[in-house]
Structures are given as structure tokens and as C-alpha cells.
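What follows is a set of notes on a single structure, which appears directly below.
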Amino acid sequence: MRAAQSNILLCLLELSLGKFRNVLLNQTNPVEAVIRNIASNVTVVIFQVHAQQNDVVISFDKTPLVNGSGIGADRGLVSILRPEQTICTWYLHSLDAGQVLSTAISIPYMEKDPIPGGCNLEFDLEVDPNIYLDYTLVDIHIKFAPANLGYTRGANPPSCDSGTGQNSRWRLRYDVYQYFLPENDLSEMVLMSHIRKMAEVQSIKANGIKMLTLTADDKTNVYFSSLPGQGVIYNVIVWDPLWNTSAAYIPVHTYACSFADLVDNCSSLSKLSTKVFFTAFAVLGLFTCFFGHRFWKTDLFFMGFIVSAFFFFVFITRITGLSYDVRLIMTAVSGIIGGLLLVVSWWRFGSVLLSMFIIGLVLGFLFSSTLFFTPLGDYRVFRDDVVFWVTFTCVALLIPVLFVGCPRILNILACGVVGSYTVILAIACYVYTSLAYITLDLLRRVLNNYFNRAYTNVPFQRNDFIILSVWAMLALSGVTVQLRRERSEVPFPPHPYLIWKRERERRSTNVLDPSHHIPPLRERIHNRLLHIKELFQKNQPAGERTPLLL
């Protein structure tokens with residue numbers, strides 16, 4: 001191990017074209033990377049270096065210049081080879097005083113291959129093959145410079161603005177690829193081993209997920225939904241349809257979180273308030289999953305809590321700047337009030353139809369969110385908010401409409417599916433799972449005006465299959481248990497007013513009922529008042545006072 005490290009720490013780093021090398025960098029000892037014996041048919045060499053979280057400086061000179069260097073965790077430079085040139089040299093060092101593990105590679109391209117970033121007008125480098133990435137808790141934004149056509153050594157580069165015909169760079173196409181790192185793995189060595197799969201054209205096509213294709217008329221920037229704690233690598237392949245040649249930009253990675261923050265870092269993403277809220281919510285949901293139909297008022301409270309909490313959280317987030325913890329507490333209180341109001345409204349008015357509509361709407365909401373969680377949600381037509389929300393609402397309303405004649409089946413399905421999904425949300429507070437984004441992406445779209453431009457593709461790996469199996473098992477078990485238990489029972493509790501009215505009629509007609517012999521309330525009150533009045537009357541004297549008739 002020490003021998004390997006001593007080789008890596010050499011100031012001179014000999015590289016071979018197309019071969020990766022791990023290298024330890026620091027701030028004080030720059031590394032000179034050299035490639036020798038470059039073939040004459042190679043016209044361009046793209047050299048790149050990658051680190052997990054520390055910025056690395058890559059430059060053409062020992063003293064980095066603004067237009068001849070790059071700084072970042074994923075950076076590269078393009079060397080345009082001169083005639084007879086067989087050696088290329090670059091210089092590397094990190095901005096951190098400690099040792100930084102990085103991996104470096106140089107990739108050759110021929111004269112007919114397009115040159116990534118060859119028509120750069122926005123960034124500092126004259127030819128910039130880098131992809132620039134910014135992230136928030138909501139979305140990830142990548143942008144890059146347009147490419148240029150390839151050319152032979154010593155020739156002048158094709159003009160970037162000479163025209164828009166098939167003989168210009170406007171014929172080029174850009175394929176954007178996405179690659180997910182293993183879930184719940186934040187190690188450096190995992191990143192170094194997987195970023196190699198996204199560096200060259202053939203490996204990108206074999207391992208990455210093609211998200212979209214851009215033409216020269218499109219803006220060279222793309223948005224994706226943010227997945228805090230999940231490693232993602234992005235890259236772009238520029239393709240020349242005339243020569244059928246391709247070249248790759250510099251891959252860029254992100255975890256959409258910070259390794260350096262003491263709170264809410266990549267290792268601990270969920271706040272304590274979030275864990276408490278969704279853990280308690282999951283306990284109530286699990287009870288509803290198996291016993292919701294029998295405990296009707298608890299079922300109503302659970303569904304009312306969901307509806308009220310969702311709309312109140314959206315409302316206060318939109319109009320206030322309160323902290324997340326305060327909003328979550330207010331959301332919990334509003335959910336409790338909403339659940340109690342739904343229970344009281346049923347108790348007072350007994351509208352099973354209204355209650356079932358709300359319950360069906362909650363199930364329809366989850367069903368519609370799941371539908372748009374699939375690749376269907378990334379279709380271009382749903383970028384339009386009007387199309388998206390009309391379609392989403394129609395799908396959500398389809399559930400209560402389909403089950404309007406089967407209220408018991410609808411309620412048991414809602415209890416089983418929605419109640420078991422709350423367990424998934426609780427699991428997501430402790431272990432990353434993509435299933436949480438079924439509802440989270442919809443909440444993001446409601447809260448953010450520009451989230452419609454983001455692609456919402458997520459990884460689906462071993463953990464997700466396990467958690468999906470848990471969800472399906474809980475939902476199926478809850479629905480089966482409730483259907484078997486309730487098959488011989490009445491569909492729903494009758495209206496409280498109807499119960500009182502039925503009891504009154506029974507007492508008035510059933511002479512064998514002891515309560516039948518109890519006088520009506522008005523008569524009992526009248527008798528009681530007469531009894532009280534007698535207490536204040538004087539006693540009459542004894543004896544006959546009427547005159548005797550002769």
C-alpha cells in the first residue's frame with residue numbers, strides 16, 4: 001500500500017491516452033501530467049480530473065491563467081495539437097492543504113470528431129468542454145458551451161457564426177445522459193470507479209440513461225429534479241450526423257448536498273422535526289391500513305389530516321417566509337384541526353357521500369402522483385402547467401367516480417394503499433428511497449413556478465425494490481384483512497340523527513319496551529313543575545265549611 005502511494009505522490013505523472021490514473025493532490029506540490037508519443041492522426045486531446053468534494057486546479061502552465069485553467073471538482077482542458085506535436089503537458093494541484101484523492105484521464109479525438117465547447121462564448125476558456133452544475137434543494141441546473149466541427153492539425157477552426165446550414169456547427173446534436181451512483185454510498189472510491197463509466201462515448205451510451213436530445217437551436221442548459229444524498233453523474237455527447245462521429249464533454253457529478261455542513265449534510269439529510277412528524281404519521285397510517293374501516297372516525301380523521309395538512313403547508317409556504325420547523329408544526333396543528341372538523345361534520349350532518357368523495361380524492365391524488373412518477377411524467381407535453389394540472393386532476397377524480405357505487409371497497413382500498421404509503425415516507429426520513437418522490441415531486445411543482453422544466457427521473461435500485469415490496473405487502477395485507485372482517489357488516493355507520501330518530505320511533509311503537517311507558521319529555525317537565533308548585537301552597541283546614549241545608 002505504501003509503495004502504491006509513493007508512486008501516486010510523484011510530481012511527474014506519466015499518462016496514457018484513454019487510461020485512468022488515481023492521483024493524490026495537495027496545495028503545495030503541483031503534479032505535472034504528461035502524455036508522450038501521441039499518434040499523428042490525433043488532433044485533439046481532452047484531459048480531465050475528478051475529485052469527490054474538493055476543488056482541483058487544472059492548467060496549461062505552472063502558473064494558472066484565467067483563460068488557460070479551470071477550478072472545480074470535475075474539470076478538464078482541450079489541447080488542440082499542432083503539426084508534429086507528440087507531447088502534451090498539464091499541471092494539477094488542489095486548493096486543500098490535505099491530500100485529495102482524484103482520478104485523471106486523457107481522451108483522444110480525430111479530425112472528423114466534433115470538439116466539445118469549441119464555440120464557447122460564455123465561459124473563460126477559449127475552448128471549454130466542461131459542464132457547469134448548480135443545485136438547490138429543488139432542482140439541478142447544468143449548462144455547457146456549444147461544440148464546433150472537427151478539423152485537421154494546423155488548419156483554422158471552422159467559424160462558429162458563418163451560417164446555419166449543414167456545413168456548419170448547427171448540424172450538431174447534443175445527447176444529455178444521466179447516471180446514478182449506488183444508493184446510500186458516499187465513498188470516494190465508489191465515485192472514482194463509476195465516473196469512469198461516464199467519460200468516453202461508448203461507455204456513456206452503455207451505462208448512462210439518455211434523457212433528451214438538444215439541437216443547435218436549443219439552449220445548452222437542462223434542469224433536473226434534485227435528489228439530496230443521491231449521487232448523480234451527468235454528461236453530454238455531441239454528435240455529428242454528417243460524419244457520424246461523436247465526442248464527450250467532461251462528466252460532472254453532484255450529491256445535491258454538502259459534505260462540510262454540520263447540520264443537514266449528505267450523511268444526515270432529514271431534520272429531527274421531519275422524522276418526528278412522519279414517524280407519528282406512519283403510526284396512524286399503519287393503524288388505518290389494517291383497522292381504518294372498522295374505526296370509521298379514525299379513518300375520517302386520518303384522511304382529513306392529509307387534505308388539511310397538504311393545503312395548509314402549500315399556503316403558508318407560498319405566502320410566508322417562516323422557517324421549515326415552524327411551518328411543519330403549524331402544518332401538524334392544521335392537519336389535526338382538519339381531521340377533527342371532518343369527523344364533526346360527519347357526526348353532525350352524516351354525509352357519507354361527501355366523506356367518501358374526500359377519501360376517494362386522497363386515493364386518486366396518490367394514484368395520479370404515482371402515474372406521473374413514471375417516465376410518463378417527463379414527456380414534453382406535460383411541461384405545460386395547464387396540460388399537466390388538467391390531466392392530473394382528471395386522473396385523480398377518476399378514482400372516486402369509478403367507485404361511486406362501491407363505497408366500502410373504495411374506503412378499504414384508500415385505507416390500505418394510503419395508510420401503507422405513510423410507512424414509506426417514514427422510512428425515507430432514515431434511509432434514501434426514490435419512492436418518497438412520488439409525492440415530493442408533486443409538492444415541488446406546486447410550490448415552485450419553474451419546476452415544470454425539470455426532468456424528474458430517479459434511480460430504482462435494490463433498496464427501492466425492497467421498500468416497494470414492503471409497501472405492496474402492507475397494502476395487500478391491510479385490504480385483505482379489512483375485506484374479510486367487514487364482509488358481513490353494514491357498509492358504513494348510519495347517520496347519528498337517523499339513529500336517534502329510529503330509536504324514538506321504536507319507543508313510541510313498541511309497547512313491550514320499558515321506555516314506551518315513560519311519559520314524553522314535555523309531560524314529564526309539566527308534572528315536575530306542578531310538583532314544585534304544590535310545595536308553595538298552604539294546607540286547607542280540616543272540617544266541613546259548607547252551610548248545611550235544612
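The values are calculated or read from the model by the stated rules, or taken from the named source; none is laboratory data. Every value quoted in this text rests on a predicted model; they were computed, and no experiment measured them. All Cβ positions, glycine included, derive from the backbone under ideal geometry; neighbour counts span all protein chains shown. Accessible surface is based on the protein model in full, side chains and every heavy atom, while ligands, DNA and RNA are left aside. Shrake-Rupley method; radii C 1.70, N 1.55, O 1.52, S 1.80 Å.
Numbers at a glance
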| quantity | calculated |
| --- | --- |
| Accessible surface of segment 242-295, 1.4 Å probe, proportion on carbon and sulfur as whole % | 68 |
| Protein accessible area in segment 27-186, 1.4 Å probe - carbon and sulfur % | 47 |
| Karplus-derived 3J(HN,Hα), 6.51/-1.76/1.60, for each residue of segment 299-311, Hz, glycine and proline x | 4, 4, 4, 4, 5, x, 4, 4, 4, 5, 5, 4, 5 |
| Chymotrypsin sites (Phe, Trp or Tyr not before Pro) restricted to DSSP loop in segment 238-280 with at most 15 other C-beta within 10 Å | Trp243, Phe259 |
| Solvent-accessible area per residue for segment 1-106 (1.4 angstrom probe, square angstrom) | 47 |
| Relative contact order (%) - segment 168-245, alpha-carbon pairs under 8 angstrom, separation at least six | 56 |
| Disulfide-incompatible cysteines by the Cβ rule (no partner under 4.7 Å) in the chain | Cys11, Cys88, Cys289, Cys394, Cys406, Cys415, Cys429 |
| Listed residue pairs exceeding 26 Å between alpha carbons, taken from Lys197/Lys275; Lys143/Lys197; Lys112/Lys197 | Lys197/Lys275 |
| Value at 222 nm in deg cm²/dmol, rounded to 500, when DSSP H runs of n ≥ 4 in the chain each add -39,500 (n - 2.57) | -13500 deg cm²/dmol |
| Trp170, Trp471, ranked by accessible area, largest first (probe 1.4 Å) | Trp170, Trp471 |
| Per residue accessible area in Å² of segment 329-413, where ligands, DNA and RNA are left out and the probe is 1.4 Å | 53 |
| Hits among aspartates and glutamates - C-alpha to C-alpha of Lys205 under 19 Å, sequence gap 8 or more where chains match | Asp113, Asp175, Asp240 |
| Whole-number percent relative contact order across the chain, with pairs defined as alpha carbons under 8 Å at least 6 apart | 11 |
| Candidate values [x] 18, 46, 26, 9, 0; [y] 17, 37, 24, 12, 5, 3, 1, 0, 0; [z] 24, 59, 17, 0, label of the one derived for P(r) over Cα pairs in 20 Å bins from 0, in percent | [y] |
| Accessible surface, 1.4 Å probe, highest first, among residues Lys210, Lys271, Lys219 | Lys219, Lys210, Lys271 |
| Cα centroid separation - segment 125-151 against segment 229-243, whole Å | 10 |
| Pairwise centroid distance, computed over Cα atoms, of segment 297-370 with segment 455-492, Å | 21 |
| From phi via Karplus (6.51, -1.76, 1.60), per-residue ³J(HN,Hα) for segment 100-110 in Hz, x at Gly/Pro | 10, 7, 9, 10, 10, 8, 10, 10, x, 9, 9 |
